[in-house]
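The values are calculated or read from the model by the stated rules, or taken from the named source; none is laboratory data. Since the structure is predicted, the reported quantities are computational estimates derived from the model, not experimental observations. As a convention, Cβ positions derive from the backbone with ideal geometry for all residues, glycine included, and neighbour counts pool all protein chains shown.
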Amino acid sequence: MASCVSMSPSAVAPLTVVVGDEELLVDRAVAEIVAAARADDPDIDVHDLLPAQVTSARLVEATSPSLFGERRIVVLRSAHDLLKDIATEVTGYLKDGPEDVMLVLVHAGGAKGKALLDAAVKAGAARVSCAKPTKAPERIQFIKGEFSRAGRQIAPDAAQALLDAVGNDLREIAAACTQLAADTDGRIDTAAVARYHTGKAEATGFTVADRAVEGRLPEALEQLRWSLSVGTAPVLINSALAAAVRGLAVAAQPPRGMPEAELAKRAKVPPWKLRTLRQQARGWTPQGLAHAMQVVAETDALIKGAGRDPAYALERAVIEIATARNARGG
């Protein structure tokens, strides 16, 4: 199932592990835990920390008993990426943590950092497992669940049409469901999906960029024409192309040992986007990436005054980028 276990206020435990590698579902699970804790104690102090923020001093500060008796909830994101000495400190904390501090460990569930996850489970942690949807029927179920959360219904064929229009990224699916629920009335059918998402939802510079760097030239050109026809500014489309190529360059050759959060920051994308970038980077060569970077730089100059036809410049850029992706030799 494409969901996590829901938690009521009474279910909030002193120690919880949220396990999964789908950022959207994990974020929702953490938000539910924090909301449940706040429902029980509106004044609870929340510390939500990424691995790069967790030092020994910060950990002691966040988990030490309060002099004023305030309760706290400490969320350690991407616990699998914690430095070894910090992970050891957290493991020690699991055995003897103060009663007024609730700890939530977020773990991807893989082999990396598994000792900490095992230690938390052994210490009696409540486990919230977030199952990532990997198959189309699971994504369809997720779509139905999104509309159910909004108090709405969507027809099965409409759910499939929405999935076809938006793609497989869970955050984009969720955003599309939210938009459709807000902009329509009654049971959602294929006509509503077509009205709001065929062409319109995909006619963005980011979709053009995604199709181009994936080497899907006919689709990239189709989306480019849609984008221009609905009034998307050429400079925004080229900006999306440039961002996509820069992100690929980072994902294709990541520095060894760099934490996910830092890698995402360098690629200028949210952490959940890294998975998409890694998939898109397959098949690209360093020479191809270098050529793509040169193309977007030239296109930027053409759009901003050196050329007379921005649409032609963008079409040329899309063709060059998609061709560079598909040219295995460089």
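Scanning segment 173-207 for residues being modelled with pLDDT under 85 and part of a loop (DSSP other than H, G, I, E, B) gives a total of 7. Here A111 fulfils each of the conditions (1) at pLDDT 95 or above; (2) surrounded by fewer than 18 Cβ atoms within 10 Å (Cβ to Cβ) apart from (1).
The single residue among A126, A181 that is within 30 Å of L103 (Cβ to Cβ), more than 21 Å from the chain's Cα centre (by Cα) and touching a residue at least 12 places away in the same chain (Cβ under 8 Å) turns out to be A126. Within segment 278-328, the set of residues being polar (S, T, N, Q), surrounded by fewer than 17 Cβ atoms within 10 Å (Cβ to Cβ) and assigned to a helix (DSSP H, G or I) comprises Q279, Q287, Q294, T323, N326.
Given the residues L117, L103, L170, which is the only one that is out of contact with any Pro (no Cβ under 6 Å at 6 or more places or on another chain), within 30 Å of L49 (Cβ to Cβ), buried (at least 16 other Cβ atoms within 10 Å of the Cβ) and modelled with pLDDT under 90? Of the residues listed, the single one that is out of contact with any Pro (no Cβ under 6 Å at 6 or more places or on another chain), within 30 Å of L49 (Cβ to Cβ), buried (at least 16 other Cβ atoms within 10 Å of the Cβ) and modelled with pLDDT under 90 is L170.
Taking the conditions exactly as written (buried (at least 20 other Cβ atoms within 10 Å of the Cβ) and in a helix (DSSP H, G or I)), does V90 satisfy them or not?
Numbers: buried (at least 20 other Cβ atoms within 10 Å of the Cβ): yes; in a helix (DSSP H, G or I): yes.
Answer is yes for this residue.
Pairing each residue of segment 279-302 that is assigned by TED's automatic domain parsing to the domain that holds Q253 with any residue that is part of a helix (DSSP H, G or I) and among the acidic types (D, E), provided the two are 6+ apart or on different chains, yields C-beta distances under 8 Å for Q280/D210; H291/E320; A292/E320; V295/E320.
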